[in-house]
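The structure appears right after this line, and notes come after that.
Nothing in this text is a laboratory measurement; each read-out follows from the coordinates by a stated rule. The structure displayed is predicted, hence computed values, not measured ones. Don't worry about glycine lacking a Cβ; one is built from the backbone with ideal geometry, like all the others, and counts go over all protein chains shown.
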C-alpha cells in the first residue's frame, strides 16, 4: 500500500485510517527533537498534555494499565477518532505513542 498520502478528509477518522497514519509515521517514532512547539520538555508528559487538549472531558487517570515495560492509555479511541488529525498522529508518534490494535489502545514504552 502506498503510504505517501493518507486522505483523512473532513469526516471522522476511522480506526483503519488511524492505523495507516501511525504506520506512515513509524520512522518518526521517538524523534521528540522534531516536535514543533512541545507542550513539555518530557516526551511522555508532552503526549499526555496533547491528548488532554484533544479530549478535555476525560476525568480519569490517563494511564489505565501497565504490562512489563509498556503503559496503556485510558483514551477512548471512538472519542479520539472524532477529533484527531494527521498532525496530531505525527506529534504523538514523535512523543513515543503507539497504537496497539490488538487491544485497541494507545501505549508507550517506559
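With respect to the conditions (1) surrounded by 12 or more Cβ atoms within 10 Å (Cβ to Cβ); (2) touching a helix residue (DSSP H, G or I) at 6+ places or on another chain (Cβ under 8 Å); (3) in contact (Cβ under 8 Å) with a residue 60 or more places away in the chain, residue 26 lacks only one, and its number is (1).
Right, residue 54: surrounded by 14 or more Cβ atoms within 10 Å (Cβ to Cβ) and out of contact with any helix residue (DSSP H, G or I) (no Cβ under 6 Å at 6 or more places or on another chain) or not?
On the way: surrounded by 14 or more Cβ atoms within 10 Å (Cβ to Cβ): yes; out of contact with any helix residue (DSSP H, G or I) (no Cβ under 6 Å at 6 or more places or on another chain): yes.
Judged against the criteria, residue 54 is a match.
Matching residues to (1) farther than 13 Å from residue 15 by Cα; (2) in contact with a strand residue (DSSP E or B) (Cβ under 8 Å, 6 or more places away or on another chain):
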{"site": "56", "(1), (2)": "yes, no"}
{"site": "59", "(1), (2)": "yes, no"}
{"site": "65", "(1), (2)": "yes, yes"}
{"site": "77", "(1), (2)": "no, yes"}
{"site": "85", "(1), (2)": "no, no"}
{"site": "93", "(1), (2)": "yes, no"}
{"site": "101", "(1), (2)": "no, no"}
{"site": "109", "(1), (2)": "yes, yes"}
